[in-house]
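First up is the structure itself, then whatever we jot down about it.
The values are calculated or read from the model by the stated rules, or taken from the named source; none is laboratory data. Because the structure is a prediction, the values reported are computed rather than measured. Ideal geometry is used to build each Cβ from the backbone, glycine not excepted, and the neighbour counts take in all protein chains shown. These area figures cover heavy atoms from the full protein model, side chains too; ligands, DNA and RNA do not enter into them. Shrake-Rupley method; radii C 1.70, N 1.55, O 1.52, S 1.80 Å.
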Amino acid sequence: MSRRKKIYEGKAKILYEGPEPGTLVQYFKDDATAFNAQKKATLDGKGVLNNRISEYVMLRLSEIGIPTHFLKRINMREQLIKKVEIIPLEVICRNTAAGTMSKRLGIEEGEKLPRTIVEFCLKRDDLGDPLIAEEHIHAFGWATHAELDEMIAMTLRINDYLQGMFAGIGINLIDFKIEFGRLPDLNGGHEVILADEISPDSCRLWDRDTNKKLDKDRFRRDLGDVTEAYTEVATRLGILQLNQPKGKPNLSVVTNEE
Ligand code: TYD
């Protein structure tokens, strides 16, 4: 691993040069950060769980025709992905009020929104990823009108699919954040594809019956049992084998292992 060229290191992932041009290796760390990295911790096994969960979600989404950067999982913590130019936006999709939307607009957490709402934040850690309007995106050229239309359309399809997928395992999809990238095509143009990850780090997932949080809010809000909650999501998705000793998932015993 140390011989590979590191391209980028983020808060929860590292990107290395891939084995072929146009590819990268995405490594999932156990590190967790919140509140613009003011709060930090290492959570044993989180990277392994997010690698598996994100693989699963990306594969399901490509089955319904969403283009994604995912190529294959390499091992417990790494996946091969297509190299893209990341569009500097965090696209947030909300079905139920929570987090910053509740705070900003005074809507109680858990209140179902009248309709799905898509928001944009600028990817700028130094500014705390500020909320922006479509007007800013156009005026500053962060994405074209066509790219934005595609991103919104894909986000709503992803939301529809994931709401159903999670409902099937007794989980309410409250909100999620996704990122997109530009993949060059053969004609000198590019295609907008889903990039980054989709995992309990980037979604709010509440148990349908108890409203128990099964996502990163367990870390943000010091609720404890963070990896246990991620393990619960993976187990319900059928990624991890059942009947592991409680709180101690045997992460090496998994399905679909090459
Ligand atoms: P939001 O409520 O805006 O922020 P916070 O997580 O700080 O309360 O988050 C909405 C959803 O998007 C939530 O599931 C977390 C996810 N998200 C990220 O994964 N990364 C981010 O940088 C932001 C702003 C949100």
Taking the range 28-51 and keeping residues out of contact with any helix residue (DSSP H, G or I) (no Cβ under 6 Å at 6 or more places or on another chain) and at pLDDT 95 or above leaves 31, 33, 39, 40, 41, 42, 44, 47, 48, 50, 51
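How many residues does the range 57-76 contain that are buried (at least 21 other Cβ atoms within 10 Å of the Cβ) and either under 30 Å from residue 211 (Cα atoms) or not hydrophobic (A, V, I, L, M, F, W, C) (or both)?
First, pick out the residues of the range 57-76 that are buried (at least 21 other Cβ atoms within 10 Å of the Cβ): 57-58, 61, 68-70, 73.
After this cut, where a residue has to be either under 30 Å from residue 211 (Cα atoms) or not hydrophobic (A, V, I, L, M, F, W, C) (or both) as well, the list is 57-58, 61, 68-69, 73.
So the answer is 6.
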Restricting to the range 212-226, name every residue that is closer than 16 Å to residue 171 by Cβ and near the ligand (Cβ under 8 Å from one of its atoms). 215, 216, 217
Of the conditions (1) on the phi < 0 side of the Ramachandran plot; (2) touching a helix residue (DSSP H, G or I) at 6+ places or on another chain (Cβ under 8 Å); (3) away from the ligand (no atom under 16 Å from the Cβ); (4) not aromatic (Phe, Trp, Tyr), residue 7 clears all except one; give me its number. (2)
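Is it the case that the range 132-144 has a residue that's within 12 Å of the ligand (Cβ to nearest atom), touching a helix residue (DSSP H, G or I) at 6+ places or on another chain (Cβ under 8 Å), modelled with pLDDT of 95 or more and open to solvent by 40 Å² or more (accessible area, probe 1.4 Å)? Working first, answer last.
The initial filter retains those residues of the range 132-144 that are within 12 Å of the ligand (Cβ to nearest atom), namely 132.
Going one step further and asking which of them are touching a helix residue (DSSP H, G or I) at 6+ places or on another chain (Cβ under 8 Å), we end up with none.
Checked against the condition, which is being within 12 Å of the ligand (Cβ to nearest atom), touching a helix residue (DSSP H, G or I) at 6+ places or on another chain (Cβ under 8 Å), modelled with pLDDT of 95 or more and open to solvent by 40 Å² or more (accessible area, probe 1.4 Å), the range 132-144 yields no hits at all.
Taking residue 171, is it crowded, with 19+ Cβ neighbours inside 10 Å and in contact with a His (Cβ under 9 Å, 6 or more places away or on another chain)? Reasoning before the result, please.
On the way: crowded, with 19+ Cβ neighbours inside 10 Å: yes; in contact with a His (Cβ under 9 Å, 6 or more places away or on another chain): no.
So residue 171 fails the test.
Could you please find all residues in the range 35-56 being surrounded by 17 or more Cβ atoms within 10 Å (Cβ to Cβ) and farther than 21 Å from residue 67 by Cα? Break it down stepwise before answering.
First pass over the range 35-56, keeping only residues surrounded by 17 or more Cβ atoms within 10 Å (Cβ to Cβ): 43, 45-56.
Hits for the range 35-56 are 43, 45, 46, 47, 48, 49.
For the range 80-93, which positions are open to solvent by less than 10 Å² (accessible area, probe 1.4 Å) and under 14 Å from the mean Cα position of the chain (by Cα)? Spell out the reasoning first.
Filtering the range 80-93 down to residues open to solvent by less than 10 Å² (accessible area, probe 1.4 Å) leaves 81, 87, 89, 91, 93.
Those that are open to solvent by less than 10 Å² (accessible area, probe 1.4 Å) and under 14 Å from the mean Cα position of the chain (by Cα): 89, 91, 93.
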Positions within the range 207-222 being closer than 26 Å to residue 179 by Cβ and touching a helix residue (DSSP H, G or I) at 6+ places or on another chain (Cβ under 9 Å), in sequence order: 213, 214, 215, 216, 217, 218, 219, 220
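If we keep just the residues of the range 153-166 that are free of Cβ contacts under 8 Å to residues at least 60 places away in the same chain and under 16 Å from the mean Cα position of the chain (by Cα), which is surrounded by the most Cβ atoms within 10 Å (Cβ to Cβ)?
Restricting to residues being free of Cβ contacts under 8 Å to residues at least 60 places away in the same chain and under 16 Å from the mean Cα position of the chain (by Cα), the top hit is 166.
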Being within 9 Å of the ligand (Cβ to nearest atom) and either without any contact (Cβ under 8 Å) to a residue 24 or more places away in the chain or open to solvent by 20 Å² or more (accessible area, probe 1.4 Å) (or both) narrows it down to one residue among 112, 123; which is it? 123
Regarding residue 148, is this residue open to solvent by less than 40 Å² (accessible area, probe 1.4 Å) and over 26 Å from residue 34 (Cα atoms)? yes
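Based on this model, can you work out whether residue 191 counts as touching a helix residue (DSSP H, G or I) at 6+ places or on another chain (Cβ under 7 Å) and touching a residue at least 24 places away in the same chain (Cβ under 8 Å)? Even if it seems obvious, please write down each step before you answer.
Working: touching a helix residue (DSSP H, G or I) at 6+ places or on another chain (Cβ under 7 Å): no; touching a residue at least 24 places away in the same chain (Cβ under 8 Å): yes.
No; evaluated as a whole, the condition is false for this residue.
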Since residue 18 meets every condition but one in (1) open to solvent by 30 Å² or more (accessible area, probe 1.4 Å); (2) of a type in the set (Gly, Ala, Ser); (3) farther than 20 Å from residue 178 by Cβ, which condition does it not meet? (1)
